[in-house]
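Novice: Please read through the structure below; I'll follow up with questions.
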Amino acid sequence: MLRGIFRTKSLDDLLAAAEHPETSLKRTLGPWNITLLGIGAIIGTGIFTTVGSAAAGNYSETGELIRAGAGPSLMLSFVITAVVCAFTALCYAEFASSVPISGSAYTYSYATLGEFVAWIIGWDLMIEYAIGNVAVAISWASYFRKFLMETVGINVPLWLATDYRSAAALRLADPARYKLDFGSAPVIFGQPLILNVLAFAIVMAITVVLVWGVKESARLNAVMVMIKIVVLMFFIGAALWMVSPAGMVKNWTPFQPMGWSGTMTGAAVVFFAYIGFDAVSTVAEETKNPGRDLTFGIFASLIICTIFYVAIVAVFTGLLSFEEMKGLTAAEKAEPLTVALQRVAPAGSRWSGVAQAIVAFGAVMATTAVLLVYQLGQPRIFFSMARDGLLPPVFARIHPTFKTPHVTTILTGLLVGGIAMVASIDEMVDLTNIGTLFAFVLVCVGIPILRYKDPDRARPFRVPFGPFLLPGMGVLSCLFLMFYLPPTSWWRFVGWLVLGFAVYASYGYAHSTVGQLRDRPSKTPISMKVAAIGFLTAAIGLFVIPHHASPIELVQWATQSLAVEHARAMWGLVMILSGLVIGFAGSSRELLR
């Protein structure tokens, strides 16, 4: 029945595979290493970058509201998101203590929900780590450019530190500003050459460090964590010196300028700031005492970071009024803390430049730490999937000297660096959030299933109050936040999942180690190849359609020849429907026989 695609892999088999000498990782990390990795991943882009977009909202090139801003209520948004993450963190802690191997939510889903769901979640986690790292790299480039300008007077041209689409949006919104910022960009075939080279460079540098070794990476992360905590405390002090507490309170009114919609939308956006504790679970196989150390690290990092987040947001929203936030450009939203200090600094004050330079340096350290931890997590997802046969065996290779998954680390670096050169930060943050929330839903669902299927397994940590209450609240709260993400995120997310179906049908189905035990063919059948072509076609259609449209609007535009987006909607919808029919028809022939 369904040729075993929902067959789970036993925890004993998962643990045995992790102990194989050719595909095992070295256990070198302790509880404080784990906590600092968590803080390194959590405190970074979320506080240094996404607060600008979450507080101000997002507007189209014509000034139309795309996403509501939270304003000062972003403080409440962070608390709401922390509560949601706490529910999921409990589930992660139980899984990590019970299944102390690499793979995070992918491995947990394989043990509880079966191979196909595990594939989906593994494919989905690429959005969380790889695409999330793209957003971090973009933020790093913006702050690093600011740091060089304020400290040593080096002015890196904006066309080397900005993506083309953000520049194009500025050209429509403010042609004079565009000419000033990008007028010096070289022109090739009539198009200005605008690439975020700085973002690509830092990703490549991090890749080299990660190939070198996980213990060395953890030490570097610990240094950067200490620096950014000091810098965040400095930001609070500098802000209070420039603006009195009374002045800040004045800017907190109205507290919810766009109502609860703005607050909840802000919570969905800043969710990006909390996904670091998930990255912690990917190093379970390299932790000395996973049952104790992972649980400690997950909760310690979550609590510490929440305190810092609320304090920083309170100060930031006290420096700028909501109307001032709405007027920030896309580039200014990418470095909101330094921009806020610049706006409130006394005219001609040298202290302002020094303060901005220090905060920019802290942001560089913070985002570098996040890059390191995210870039640490993604290759280990690939590694675990390859070890299970769902990806080619080359992805499971371990460096003979450094004992790191060097092949997947290098490939991840090239992927992340390449996309970071051309992508905009708002799109990457939204896509990462929906992918992460989806992964969290499956992790929460997995707890009651594993308790039922394997009740006698040793669990150094258990979710309190039984297997249903808190995991159920985690599922509902994650779905609630997903509801507040824009249609663009949903369309691209579904497109990415359907593309994953194509890859699974063409390779993973036939090569799965669990599938081989179920007497599947060793080579991909013709019907599954046809299914892969169908799913690929549907995925292309999902990427072609106008992503700002709702499902109803998409159908309307596709059937109305006078609609502005008629051609894209029509051809995209045709590709989606025909591709899904071919995909499901081809796969059902193999799966049901």
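Novice: Give the carbon-plus-sulfur fraction of the accessible surface of the chain in %, rounded to a whole number; probe 1.4 Å, heavy atoms of protein chains only.
Specialist: 69
Novice: A further question on this structure: Within the set 453/529; 228/333; 179/250; 146/179, which residue pairs have Cα atoms separated by over 27 Å?
Specialist: Check vs 27 Å cut-off fails for 453/529; 179/250.
Novice: Once you have the alpha carbon radius of gyration of the range 133-214, what is it after dividing by 2.2 N^0.38 Å, with N set to its residue count?
Specialist: Rounded to two decimals, the normalised Rg is 1.24.
Novice: Moving to a separate point now. Please state the relative contact order of the range 361-482 as a whole percent: Cα pairs under 8 Å, 6+ residues apart?
Specialist: Relative contact order for the range 361-482 comes out at 18 percent.
Novice: Rank-order 121-129, 154-162, 465-473 by packing density, defined as the average count of other C-beta atoms within 10 Å over each peptide's residues, highest first.
Specialist: Result, highest mean first: 121-129, 154-162, 465-473.
Novice: How big is the shadow of the Cα convex hull of the range 515-571, averaged over all directions, in nm²?
Specialist: The orientation-averaged projected area of the Cα hull of the range 515-571 comes to 5.6 nm².
Novice: For a label point 7 angstrom out from the Cα of residue 562 toward its Cβ, which stretches of the range 534-556 have the backbone nitrogen within less than 19 Å?
Specialist: The answer is 553-556, whose backbone nitrogens lie closer than 19 Å to the label point.
Novice: Once you have the Cα-Cα distance between residue 226 and residue 480, take 0.36 nm times their residue separation minus that, and quote the gain in nm to one decimal. Intermediate results must be reported in sequence, preceding the final value.
Specialist: Details: separation 254, 0.36 × 254 = 91.44 nm, distance 3.44 nm.
Length gained, residue 226 through residue 480: 88.0 nm.
Novice: Order 212, 119, most accessible first, counting only protein heavy atoms with a 1.4 angstrom probe.
Specialist: Accessible-area ranking of 212, 119, largest first: 212, 119.
Novice: Hey, another quick one. Quick one: which of 545-557, 412-424 comes out on top by average Cβ neighbours within 10 Å, and what's the full order, highest first? Let's see the in-between values first.
Specialist: Working: 545-557: 16.5, 412-424: 21.5.
Ranking the peptides 545-557, 412-424 by packing returns 412-424, 545-557.
Novice: May I ask for the distance between the Cα centers of the range 517-539 and the range 401-461, given as a whole number of Å?
Specialist: Their Cα centres are 25 Å away from one another.
Novice: Given a Förster distance of 30 angstrom, what is the FRET efficiency for residue 83 paired with residue 403, based on the Cβ-Cβ distance and rounded to 0.05? Working shown, then result.
Specialist: Values: r = 38 Å, r/R0 = 1.28.
Once the sixth-power term is evaluated, E becomes 0.20.
Novice: Given 0.36 nm per residue, what is the gain on full extension from residue 219 to residue 543 after removing their alpha carbon distance, in nm?
Specialist: 112.6 nm
Novice: In whole percent, what relative contact order does the chain give with Cα contacts below 8 Å and a gap of six or more residues?
Specialist: Numbers: 1102 pairs, mean separation 158.4, N = 593.
Relative contact order of the chain: 27 percent.
Novice: Given N residues in the range 124-268, what is Rg(Cα) / (2.2 N^0.38 Å)?
Specialist: Cα-based Rg divided by the globular estimate yields 1.35.
Novice: Provide the solvent-accessible area of residue 288, counting protein heavy atoms only and rolling a 1.4 Å probe, rounded to the nearest 10 Å².
Specialist: 140
Novice: Of the listed peptides 251-257, 191-197, what is their order by residue-averaged count of other C-beta atoms within 10 Å, with the highest listed first?
Specialist: Going by the mean number of other Cβ atoms within 10 Å, highest first, we get 191-197, 251-257.
Novice: Still on this structure, please answer the following. Could you tell me whether the range 66-185 comes out rounded, prolate or oblate from its Cα gyration tensor? Rule is a ≥ b ≥ c as square roots of the eigenvalues, rounded for a/c under 1.5, then prolate if a/b exceeds b/c, otherwise oblate. Don't jump to the answer; show the numbers that get you there.
Specialist: Working: a/c = 2.49, a/b = 2.13, b/c = 1.17.
Judged from the Cα gyration tensor, the range 66-185 comes out prolate (a/c at least 1.5, a/b above b/c).
Novice: Computed from these coordinates, which is Cα extents along the principal axes in Å: [x] 75, 61, 46; [y] 66, 63, 46; [z] 86, 66, 55?
Specialist: Entry [x].
Novice: With contacts defined as alpha carbon pairs under 8 Å and 6 or more residues apart, what's the relative contact order of the range 421-477 in percent?
Specialist: 44
Novice: Next up: Over the chain, give the accessible area per residue in Å² for a 1.4 Å probe, as an integer.
Specialist: Details: 22540 Å² over 593 residues.
In whole numbers, the chain has 38 Å² accessible per residue.
Novice: While we're on this one: In terms of solvent-accessible area of protein heavy atoms at a 1.4 angstrom probe, what is the ranking of 145, 380, highest value first?
Specialist: Solvent-accessible surface, decreasing: 145, 380.
Novice: Rg (Å, one decimal) plus Dmax (Å, integer) for the alpha carbons of the range 440-559?
Specialist: Reported Rg and Dmax, both Å: 19.6, 58.
The values are calculated or read from the model by the stated rules, or taken from the named source; none is laboratory data. Bear in mind that the values here come from a model prediction, so they are computed numbers and not experimental data. Ideal geometry is used to build each Cβ from the backbone, glycine not excepted, and the neighbour counts take in all protein chains shown. Areas reflect the complete protein model, heavy atoms only, side chains present, ligands, DNA and RNA absent. Shrake-Rupley method; radii C 1.70, N 1.55, O 1.52, S 1.80 Å.
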